[in-house]
1. For region 175-224, give me every one of the helices (runs of 4 or more DSSP H) that falls completely inside it and has 3 or more residues that are more than 30 Å from Thr383 (Cα to Cα) and not charged (D, E, K, R).
2. Within the group Ala154, Ala159, which residue is in contact (Cβ under 8 Å) with a residue 12 or more places away in the chain, under 21 Å from Val34 (Cβ atoms) and surrounded by 24 or more Cβ atoms within 10 Å (Cβ to Cβ)?
3. Looking at Ala230, Ala214, Ala256, Ala192 in this structure, which one is under 19 Å from Trp107 (Cα atoms), of a type outside the set (Asp, Glu) and either surrounded by 17 or more Cβ atoms within 10 Å (Cβ to Cβ) or modelled with pLDDT under 85 (or both)?
4. Please tell me if Ser397 is within 14 Å of Met266 (Cα to Cα), part of a helix (DSSP H, G or I) and touching a residue at least 40 places away in the same chain (Cβ under 8 Å).
5. Show me the helices (runs of 4 or more DSSP H) entirely contained within region 76-150 in which 3 or more residues are surrounded by 22 or more Cβ atoms within 10 Å (Cβ to Cβ), of a type in the set (Lys, Arg) and modelled with pLDDT under 90.
6. Identify, please: which residue in region 273-307 is among the charged types (D, E, K, R) and assigned to a helix (DSSP H, G or I) and is, among those, surrounded by the fewest Cβ atoms within 10 Å (Cβ to Cβ)?
7. Of all residues in region 36-85, which are free of Cβ contacts under 8 Å to residues at least 60 places away in the same chain and in contact with a Leu (Cβ under 7 Å, 6 or more places away or on another chain)?
Amino acid sequence: MSNKTEAGTEAAAAPVKKKPGMGDVFRSLGKPKVAVMLALGFSSGLPFLLTAGTFGYWLRDEGTSLKAIGFLSWVGFAYSFKFLWAPLIDKLDAPVLGAMLGRRRGWMVLSQLVIALGLIAMALITPAGGLLPMGAAALVVAFASATQDIVVDAWRIEAAESGEELGMLSSAYQLGYRIAIIVSDAVILLVANHMGWPISYGFMAVLMGVGLWATFKAFEPTRSEAAIVAGAPPAKPIWTPAGFFDAVVGPFLEFAKTYAWVGLLMLVFISLYRLPEFVMGPMATPLYVDLGLSKDVVAGVRTSFGLAGSLLGIAVGGMIVARVGPMKGLIIGGVAQGLAVASFALLPLFPGNIAVFSPVMMFDNFGVSIAGVALVTYMSTLTSAGYTATQYALLSSTYALVGKFLKGFSGAVVEGIQAQGHSLYESYSIFFVGAGLIGVPSILLLLWLMAIQRKSAVAAG
């Protein structure tokens, strides 16, 4: 990357040369590398809701208050602070496994095994065993899952041989991730309804085997060669003062040097972009319980209409980004995401109505999938060779930090609205409309960034 801000912003927004259609996104899944990426995306997405929305469903099913559910969602802060240990993941091999499988694959296997063990612990403890030990087990899962995300994101970026392939890998990652979300948000309900929540969480632990399979099928990226080609400085041993500085401080200095003050605007934008989805997350599944929807109904709709919305959103998102570039794709995705979240306000108006519930679920998955593909692709273009894991962890942590904090208050907000004299259903509707609207500032900031980009392009001639 150029050290000039102008060049950096141009690179971040430049569309790929080829403009694949929707069919190209699905046909690319036949390639071994993309298939592995699909499975790794599944492995990354599976634990997410098991310590978030689905965890809240289980807790609400056991009579836990909305306020407690909201605050317990803070275990997801592990995702927001992963940049703190990402330098170690970037520069050190995993114990024992690193020597056997390589740095990226070694950390993948270790984190996947810890996730599986943590889910088994949650299944054994149950809410009856106390919210504190359940929260602690969920925190272990979230920490290991965040670690897995660090290394999977790094592998995705380093394994790509071109901007076009990076877009395809990002789409495959998002597709696998969204399928996992369906499994951990819908399929798990079928198991829980007929076999109980503990068995359902044990089943999720077994499904982490998909990630293990993908890791053993994956190749270890040649990071050093990529860094040399890109002009990155040679790596220094991390146990030396210079090596420690390079591992911990270097990625952030490189980012600041590349983007200057515009980099700060980028980080602010990224931190605001997914607020609607984050804030509404802890209240979505308790809403299903309070609407009287059975687990079988929720699971059936999520695995049909929800999955269809995800598949369509991933394909459309990849096509949009490929055709108009990440920046314009982010605008389209941001609008779709805000409308999708706000559409949840319709559900309390028609409680238990499947004809309303089904299209809302489909639109929700469609909108957030487009936004997800656009943001992942955009953030992927901002990293520098040699610092891939740490810089991407910084960016993905930034996008989650504000949302993770605010969503902890979601239950208190709904209960607060209710305390003002509104019914529970009315409180839910007001909350979801507000959650959709909080995405507006990020779109305005993005328009500012695009104006800076155009000005820089003109100045560069």
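1. Details: elements: 188-195, 197-207, 209-217.
Here the list reads 188-195, 197-207.
2. Values: Ala159 fails: surrounded by 24 or more Cβ atoms within 10 Å (Cβ to Cβ).
Going through Ala154, Ala159 in turn, just one is in contact (Cβ under 8 Å) with a residue 12 or more places away in the chain, under 21 Å from Val34 (Cβ atoms) and surrounded by 24 or more Cβ atoms within 10 Å (Cβ to Cβ): Ala154.
3. Values: Ala230 fails: under 19 Å from Trp107 (Cα atoms); Ala256 fails: under 19 Å from Trp107 (Cα atoms); Ala192 fails: under 19 Å from Trp107 (Cα atoms).
Of the residues listed, the single one that is under 19 Å from Trp107 (Cα atoms), of a type outside the set (Asp, Glu) and either surrounded by 17 or more Cβ atoms within 10 Å (Cβ to Cβ) or modelled with pLDDT under 85 (or both) is Ala214.
4. Numbers: within 14 Å of Met266 (Cα to Cα): yes; part of a helix (DSSP H, G or I): yes; touching a residue at least 40 places away in the same chain (Cβ under 8 Å): yes.
Yes: the conditions hold for Ser397.
5. On the way: elements: 77-80, 86-91, 97-101, 103-125.
Filter on region 76-150 gives 103-125.
6. Going residue by residue through region 273-307, those that are among the charged types (D, E, K, R) are 274, 277, 290, 295-296, 302.
Subsequent filtering for residues that are assigned to a helix (DSSP H, G or I) retains 277, 290, 295-296, 302.
Working: Glu277: 23, Asp290: 18, Lys295: 21, Asp296: 12, Arg302: 28.
Top of the filtered list is Asp296.
7. To start, the set of residues in region 36-85 that are free of Cβ contacts under 8 Å to residues at least 60 places away in the same chain comprises 63, 84.
Within region 36-85, none qualify.
Condition check ((1) more than 15 Å from Met362 (Cα to Cα); (2) in contact with an Asp or Glu (Cβ under 9 Å, 6 or more places away or on another chain)) across all residues:
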site	(1), (2)
Gly263	yes, no
Asp290	yes, no
Lys295	yes, yes
Val301	no, no
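The values are calculated or read from the model by the stated rules, or taken from the named source; none is laboratory data. On a predicted model such as this, the values are computed, not experimentally measured, just so you know. FYI the Cβ positions are ideal-geometry reconstructions off the backbone, even for glycines, and counts take in every protein chain you see.
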